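The next block holds one structure in the form of structure tokens; read it before the comments.
The values are calculated or read from the model by the stated rules, or taken from the named source; none is laboratory data. Quick caveat, the model's predicted, so the values are computed rather than measured. Backbone-built Cβ (ideal geometry, glycine too); neighbour counts: all protein chains shown. Note: accessible area is taken over every heavy atom of the protein model, side chains too, but ligands, DNA and RNA are not part of it. Shrake-Rupley method; radii C 1.70, N 1.55, O 1.52, S 1.80 Å.
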Amino acid sequence: MLIVFFLALLVLLFLSVPIASSLGLATIAGIWLHDSLPLQIVPQRIFVALNSFPLMAIPFFILAGNLMSAGGMSQRLVNFASSLVGHRTGGLAMVAIITSMFFAAISGSGAATTAAIGAILIPAMVARGYHVEYVSANQAISGALGVIIPPSIPMILYGVAAEVSIGDMFLAGILPGLLITASLLVSAYIIAKKRGYHGVERKSMADVRKSFREAILALLMPIIVLGGIYSGVFTPTEASVVAVVYSFVVGFVIYREITVAKLVETLRESAVSSAVIMIVIGAAGLFGFFVSITGVPDMVYGMISEFVTSKYMFLIMVNILLLLAGMFLDGGAAILIFVPLLFSTAVNLGIDPVHFGTIMVVNLAIGLVTPPVGIDLFVVSQISKISISRIARAAVPLIILLFVDVLVISFIPFLSTWIPSLLK
């Protein structure tokens with residue numbers, strides 16, 4: 001039964017059948033061959049997987065990010081970041097990184113961050129003499145911060161799948177996100193120094209203050225949302241609704257950049273994106289139930305314990321596995337597949353669940369920029385009008401840098417667990 005189940009899953013994935021369909025069909029085949037599981041359990045478990053209050057945060061955070069982009073907040077964040085560091089060597093590359101960090105604290109999505117900031121900065125950087133390959137690679141990598149800096153949709157998925165506090169997961173992403181941002185800024189400076197990428201004209205303090213005033217409403221949103229969560233005013237799910245209301249009021253009433261036509265298109269895009277994620281979650285819930293009831297996690301732990309003698313060896317194995325998985329699977333789908341298989345083993349080896357979740361999310365963030373399924377590469381390719389292969393080659397040094405960051409995060413749990421521990 002299990003052999004048929006896993007073979008069916010591998011064949012379907014190899015044939016490029018959508019993730020949700022692959023998980024659902026393979027699991028149905030396994031249930032059909034099971035001695036005591038009726039097929040009626042399929043819709044029941046899909047419903048149970050989706051019947052979760054925290055999951056309601058996902059469509060609302062997606063909508064909030066899209067409203068912020070449509071409402072002109074991304075442009076104001078770019079202007080503010082440019083006034084701070086745009087004059088430095090490699091200044092515009094740094095602006096892309098810093099603005100992506102700001103926007104990541106709004107959207108929770110790597111693709112949304114890449115698209116919102118890349119559409120503004122990629123043409124501007126090319127016009128200033130930056131190589132289009134580097135510009136595209138830098139923006140794709142920076143966009144990956146969207147799933148690390150809280151709020152983060154993959155962290156919500158991990159929290160639900162592993163039954164870990166989503167608030168703790170959000171807190172755990174702060175220091176790793178800042179570490180990756182700092183390393184990208186250093187790399188931008190070094191590359192710019194070698195290639196002669198000069199900054200734009202230095203802004204006066206009056207210009208800095210003006211751009212800050214224009215961007216203050218965008219900068220306040222993560223403070224309101226995350227501050228409300230950690231102060232206990234509202235839950236992460238309620239925070240997502242607050243984010244939607246706030247972004248709509250700012251974009252429609254104050255900035256007046258959201259028209260009725262823009263609003264309809266934003267709602268449509270958000271509904272489609274949310275539906276895709278929810279279908280995957282339903283299928284993955286069925287998958288997780290099946291592997292759990294058939295004892296697969298215990299089998300995985302038994303096999304791993306024969307070869308892995310310490311949690312550090314396990315973490316190295318997990319990093320390599322997730323890096324490879326990220327090349328072929330969407331990050332959210334990979335989390336929902338691997339949490340049922342690896343979480344019990346991680347806990348048995350003494351790895352903190354929040355730390356393990358951070359490792360998974362950061363690893364799968366790299367998957368956003370690794371071919372053949374790196375979604376950020378597809379986004380920047382559409383903006384810059386060059387092939388994904390050219391962008392991927394330029395991204396290799398930055399991907400190596402990210403993997404070094406992953407190893408640091410993996411072997412220094414303090415980076416993930418310190419801030420959550422302060423609020424306990």
Residue hits (segment 258-272; surrounded by 17 or more Cβ atoms within 10 Å (Cβ to Cβ) and under 21 Å from the mean Cα position of the chain (by Cα)) are 266, 270
Counting only residues that are more than 19 Å from the chain's Cα centre (by Cα), closer than 11 Å to residue 179 by Cβ and of a type in the set (S, T, N, Q), how many does segment 401-422 have? 0
In this structure, does residue 326 turn out to be without any contact (Cβ under 8 Å) to a residue 60 or more places away in the chain and out of contact with any helix residue (DSSP H, G or I) (no Cβ under 7 Å at 6 or more places or on another chain)? no
Might you check whether a residue that is more than 25 Å from residue 114 (Cα to Cα), of a type outside the set (A, V, I, L, M, F, W, C) and open to solvent by less than 10 Å² (accessible area, probe 1.4 Å) occurs anywhere in segment 338-357? yes
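Which of the helices (runs of 4 or more DSSP H) found entirely inside segment 288-368 contain at least 1 residues meeting this: within 26 Å of residue 423 (Cβ to Cβ)?
Those helices (runs of 4 or more DSSP H) span 311-328, 331-348, 353-366.
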Residues in segment 380-403 that are open to solvent by 30 Å² or more (accessible area, probe 1.4 Å), farther than 16 Å from residue 188 by Cα and in a helix (DSSP H, G or I): how many? 7
Could you tell me whether segment 405-415 includes any residue that is at pLDDT 90 or above and not in a helix (DSSP H, G or I)? yes
Looking at residue 243, is it open to solvent by less than 50 Å² (accessible area, probe 1.4 Å), touching a residue at least 24 places away in the same chain (Cβ under 8 Å) and either of a type outside the set (Lys, Arg) or in a helix (DSSP H, G or I) (or both)? yes
Across segment 26-55, what is the number of residues that are surrounded by fewer than 16 Cβ atoms within 10 Å (Cβ to Cβ) and of a type in the set (A, V, I, L, M, F, W, C)? 7
Conditions (1) of a type outside the set (Gly, Ala, Ser); (2) in contact with a helix residue (DSSP H, G or I) (Cβ under 9 Å, 6 or more places away or on another chain); (3) part of a helix (DSSP H, G or I) -> residue 198 fails only (3)
Would it be correct to say that residue 161 is open to solvent by less than 40 Å² (accessible area, probe 1.4 Å), out of contact with any Lys or Arg (no Cβ under 7 Å at 6 or more places or on another chain) and small (Gly, Ala, Ser)? no
